[in-house]
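Notes follow the structure.
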Amino acid sequence: MTKPLQGTKPSEDDEFYIAWGRESLKNNISFLNDVLRQLLTIDVTLVAGSIVFINTKLLNSFFNIFFVFTFFGSLIAALLGIMPFGLIVDLRVPEDIRKHKTFVFTWKLKLTILAGGLLIVGFVFAFISLLVQSL
């Protein structure tokens with residue numbers, strides 16, 4: 001037989017950080033929802049504003065379509081990210097809850113990165129369009 005493991009009681013600092021880590025983990029999905037909601041607001045404004053510039057002489061017409069589509073892609077990614085998930089989870093099974101929350105967090109994180117990345121690419125295209133037109 002193996003001897004049982006003997007442990008020590010965690011210190012107050014250890015307990016504090018464990019509790020803080022658990023609380024942070026629980027808040028991750030809410031935080032990502034807030035970020036996606038803010039990205040959605042920014043994207044709607046940028047898509048509407050970039051559509052105004054499509055027919056102007058301020059920006060290069062070749063690049064206009066690129067930044068309009070990247071802003072629109074960011075808008076779609078943010079919109080998909082804030083949509084609720086309709087997966088069936090048995091709330092009596094902790095492992096099912098953990099798997100569901102992990103899936104939701106991963107999905108929202110990927111869409112947040114995609115929306116933010118497309119937003120940055122859209123700004124790069126808009127800046128290039130402005131530079132090309134001014135030359």
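Observations
- Candidate set from the stretch 62-83 (those that are over 12 Å from the mean Cα position of the chain (by Cα) and among the polar types (S, T, N, Q)); member that is modelled with the highest pLDDT: 70
- Test: residue 102 is surrounded by fewer than 17 Cβ atoms within 10 Å (Cβ to Cβ), more than 10 Å from the chain's Cα centre (by Cα) and not basic (Lys, Arg): yes
- Looking across the stretch 1-57, the residues that are of a type outside the set (Val, Ile, Thr), loosely packed, with under 11 Cβ neighbours inside 10 Å and modelled with pLDDT under 80 come down to 1, 3, 4, 5, 6, 7, 55, 57.
- Residue within the stretch 99-120 that is under 26 Å from residue 41 (Cα atoms), of a type outside the set (Lys, Arg) and modelled with pLDDT under 85 present: no
- The stretch 1-31: number of residues that are free of Cβ contacts under 8 Å to residues at least 12 places away in the same chain and either touching a His at 6+ places or on another chain (Cβ under 7 Å) or under 30 Å from residue 82 (Cα atoms) (or both): 13
- The one condition in (1) more than 30 Å from residue 127 (Cα to Cα); (2) surrounded by 12 or more Cβ atoms within 10 Å (Cβ to Cβ) that residue 66 fails to fulfil: (1)
- Picking from residues in the stretch 105-135 that are hydroxyl-bearing (Ser, Thr, Tyr) and exposed (fewer than 13 other Cβ atoms within 10 Å of the Cβ), the one that is farthest from residue 29 (Cα to Cα) is 134.
The values are calculated or read from the model by the stated rules, or taken from the named source; none is laboratory data. Since this is a predicted model, take the numbers as computed values, not measurements. Glycine gets a Cβ as well: all are built from the backbone with ideal geometry, and neighbour counts include every protein chain shown.
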